[in-house]
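**Student:** Got a structure for you, questions after.
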Amino acid sequence: MTDHVVIVGGGTGGTVLANNLANRLEPELDAGDVRVTLVNDDPDHVYKPVWLYVPFGQREPADGRRALDELVDDAIDLTIDRVSDIDTESQRLQFEGRTPSVDYDYLVLATGSTLEPDQIPGLAEGGHDYYSESGATALRDELLTFTEGELVLSVIGSPHMCPAAPLEFVFMADDWFRERGLREDVDITYTYPIQRVHGNPHIAEWARPIMEERDIQVETFFNADAVDPEAETITSMEGTELDFDLLVGIPPHGGVDLVESVGLGDDGWVDVDKHTLEAEAAEHVYALGDTADTGVPNAGSVAHYQAGVVGQRLASEIRGRPPTATYDGKTLCFIETGMDAASFVEFDYENPPSPAPPSEKLHWSKLAYNESYWLTARGLL
């Protein structure tokens, strides 16, 4: 009998896991004892951190795309389609396209996050973002002609992908305008929905003095409620109103409706054991990356480390051994503090982050990782 592992989602977590299993289960795959299928609704794999650099003209959107069939090991079956239903009792998947239904022995959900700007009236029409490819290119066009006025970055959705990226954007924008001799004519305001500038108190404590030093205005406890594109204002549930000439919004995020509809968790996130990453509502189901409700940041490094854990656990189960690998919450992140300097943090469930002093060396380390990411996705790093 052949064990069938199905991975849904071809982002960082799904792709790294597929290649991890191709290496870890090579003997079983060669013998036909195991089959691994990766399902994605797009033929491309997208590395979203590239989009932060697009508005500043440092990267092109194409730099963040590769064809999945070039990244995934030949031992993996690749299906380009969208899953429409999951029956966790019979362990079967249905698809929207022409792909016939498939049975699985083990299922891994790595479906990621989706942007939901329509939750905030006027945001889609009056704001810009760099959390999507189209948003990043449109913001680039706006920034190139923006020479004076009020730039507001509002963190509206939380949790959201890459929690440090809003801080990175205002730090980079401040530096970028200074380099062009425009900073005195551009006011930058940063809003955050709780009473600090970042969800993690240690990162917030580190970032706030930098913002004060660079004259980046801060509005905390600002839960955006509506945007008026014509009046160019953004208002909060708390009653605060801010004027803007250029609004950059971090939209609300959601998971995929499928997760909630099949009873695996609320709002598109799978309820899991935060150490084993096993779904709480179904057997033989794992979730990783943004899809797994573990409380850790929605970051690519999290998906990478979790993929390694799930890969080890699946290999143990397939070989009839008790799975012992666990995820300890490990997260690491480079944080750009300007156009040529960055910090670095590493933390887990037990140890809080302690950001390193910003340096040019760390900036180049982040850029080097962005280039080497494709080797990571292929399972070579």
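**Student:** GNM on the chain, C-alpha springs below 10 Å: top fluctuator among 363, 128, 202?
**Tutor:** Comparing 363, 128, 202 in the GNM, the peak value goes to 202.
**Student:** Please work out whether segment 87-194 counts as rounded, prolate or oblate from its C-alpha gyration tensor, where a ≥ b ≥ c are the square roots of the eigenvalues and a/c under 1.5 means rounded, while otherwise a/b larger than b/c means prolate and anything else oblate?
**Tutor:** prolate
**Student:** Which of these, 106, 130, 369, has the largest mean-square fluctuation under a Gaussian network model of the chain (Cα springs below 10 Å)?
**Tutor:** Taking springs between Cα atoms under 10 Å, the residue moving most is 369.
**Student:** What percent does the relative contact order of segment 12-72 come to when contacts are Cα pairs within less than 8 Å and at least six residues apart?
**Tutor:** On the way: 46 pairs, mean separation 19.7, N = 61.
Relative contact order, segment 12-72: 32 percent.
**Student:** Out of residues 5 or more away from residue 298 or on other chains, whose amide H comes under 5 Å of its own, with H placed 1.01 Å from N in the peptide plane?
**Tutor:** Amide H to amide H, under 5 Å and 5 or more residues apart or across chains, residue 298 pairs with 160, 162.
**Student:** Another question, then. Computing the accessible area with a 1.4 Å probe over protein heavy atoms, can you report the carbon and sulfur percentage for the chain?
**Tutor:** Details: 7200 of 16550 Å².
C and S atoms contribute 43 percent here.
**Student:** Given the DSSP H assignment, sum -39500 (n - 2.57) over each helix run of at least 4 residues in the chain and divide by its residue total; what's the result at 222 nm in deg cm²/dmol, nearest 500?
**Tutor:** On the way: 10 runs with 110 residues, N = 381.
It comes out at -8500 deg cm²/dmol, rounded to the nearest 500.
**Student:** From the square roots a ≥ b ≥ c of the eigenvalues of the alpha-carbon gyration tensor of segment 318-381, which class results: rounded (a/c under 1.5), prolate (a/b over b/c), or oblate? Numbers along the way, then the final one.
**Tutor:** Details: a/c = 5.41, a/b = 1.64, b/c = 3.29.
Oblate, because a/c is 1.5 or more while a/b does not exceed b/c.
**Student:** Please compute the per residue accessible area over segment 117-252 with all protein chains in place, 1.4 Å probe, rounded to a whole number of Å². Please list the in-between numbers first.
**Tutor:** Working: 5860 Å² over 136 residues.
That works out to 43 Å² per residue.
**Student:** Over segment 117-252, what is the relative contact order in percent, taking alpha-carbon pairs closer than 8 angstrom and at least six residues apart?
**Tutor:** Working: 232 pairs, mean separation 51.0, N = 136.
Computed value for segment 117-252: 37 percent relative contact order.
**Student:** Right, something else. On C-alpha positions alone, give me the angle between the axis of helix 300-318 and the longest principal axis of the chain, in degrees, nearest 10.
**Tutor:** Approximately 10 degrees, to the nearest ten.
**Student:** Shape of segment 117-252 from its Cα gyration tensor (a ≥ b ≥ c, root eigenvalues): rounded if a/c is under 1.5, otherwise prolate when a/b > b/c, or oblate? Mind showing how you got there, number by number?
**Tutor:** Numbers: a/c = 1.36, a/b = 1.02, b/c = 1.33.
Taking the square roots of the gyration eigenvalues as a ≥ b ≥ c, segment 117-252 is rounded.
**Student:** Moving on. Relative to the longest principal Cα axis of the chain, at what angle does helix 133-145 sit, 0 to 90 degrees, rounded to 10?
**Tutor:** 20 degrees
**Student:** Along segment 253-260, what does the Karplus equation 6.51 cos²θ - 1.76 cosθ + 1.60 (θ = phi - 60°) give for ³J(HN,Hα), rounded to whole Hz, x for Gly and Pro?
**Tutor:** My calculation for segment 253-260 gives 10, x, x, 9, 4, 4, 4, 5 Hz in order.
**Student:** Ok, one more. Any chance you could tell me what percent of the C-alpha pair distances in segment 1-144 go past 27 Å? Don't skip to the answer; put the middle values down first.
**Tutor:** Details: 3580 of 10296 pairs.
That tail contains 35 percent of the Cα-Cα pairs.
**Student:** Using the beta-carbon distance between residue 316 and residue 348 and R0 = 22 Å, what value does 1/(1 + (r/R0)^6) give for FRET efficiency, to the nearest 0.05? Could you put the intermediate results ahead of the total?
**Tutor:** Working: r = 22 Å, r/R0 = 1.00.
E(calc), rounded to 0.05, equals 0.50.
**Student:** Using only alpha carbon pairs under 8 Å that are at least six residues apart, calculate the relative contact order of the chain and give it in whole percent. Each step should come with its number before you reach the end.
**Tutor:** Details: 827 pairs, mean separation 69.6, N = 381.
Relative contact order of the chain: 18 percent.
**Student:** A follow-up question, please. Ranked highest first by the average count of other Cβ atoms within 10 Å around their residues, in what order do 64-75, 155-166 fall?
**Tutor:** Values: 64-75: 16.7, 155-166: 21.8.
Those peptides, ordered most packed to least, come out 155-166, 64-75.
**Student:** Counting only residues 5 or more places away or on other chains, whose amide H sits under 5 Å from the amide H of residue 149 once H atoms are built in the peptide plane?
**Tutor:** Long-range HN contacts for residue 149: 186, 187.
**Student:** While we're on this one: Who wins for biggest fluctuation among 76, 210, 86 in a Gaussian network model of the chain, springs between alpha carbons below 10 Å?
**Tutor:** Comparing 76, 210, 86 in a Gaussian network model of the chain, the most mobile one is 210.
**Student:** Sorted by mean Cβ packing within 10 Å, highest first, what order do the peptides 341-352, 301-312, 175-186 take?
**Tutor:** Details: 341-352: 16.9, 301-312: 23.4, 175-186: 14.7.
Listed from highest to lowest mean packing, they are 301-312, 341-352, 175-186.
**Student:** How far is helix 201-213 tilted, in degrees, relative to the longest principal axis of the Cα atoms in the chain, given as a value from 0 to 90 rounded to the nearest 10?
**Tutor:** So the helix axis and the longest Cα principal axis differ by about 30 degrees.
**Student:** In sequence order, what are the phi-derived ³J(HN,Hα) couplings for segment 116-132 according to the Karplus relation 6.51 cos²θ - 1.76 cosθ + 1.60 with θ = phi - 60°, rounded to whole Hz, with x for glycine and proline?
**Tutor:** Couplings: 10, x, 5, 5, 10, x, x, 5, 4, 7, x, x, 10, 9, 10, 9, 9 Hz.
The values are calculated or read from the model by the stated rules, or taken from the named source; none is laboratory data. Remember, predicted model here, so these are calculated numbers, not experimental data. Quick reminder, even Gly has a Cβ in these numbers, built from the backbone with ideal geometry, and neighbours come from all protein chains shown. Remember, those area values only see protein heavy atoms, side chains included, never the ligands or the DNA or RNA. Shrake-Rupley method; radii C 1.70, N 1.55, O 1.52, S 1.80 Å.
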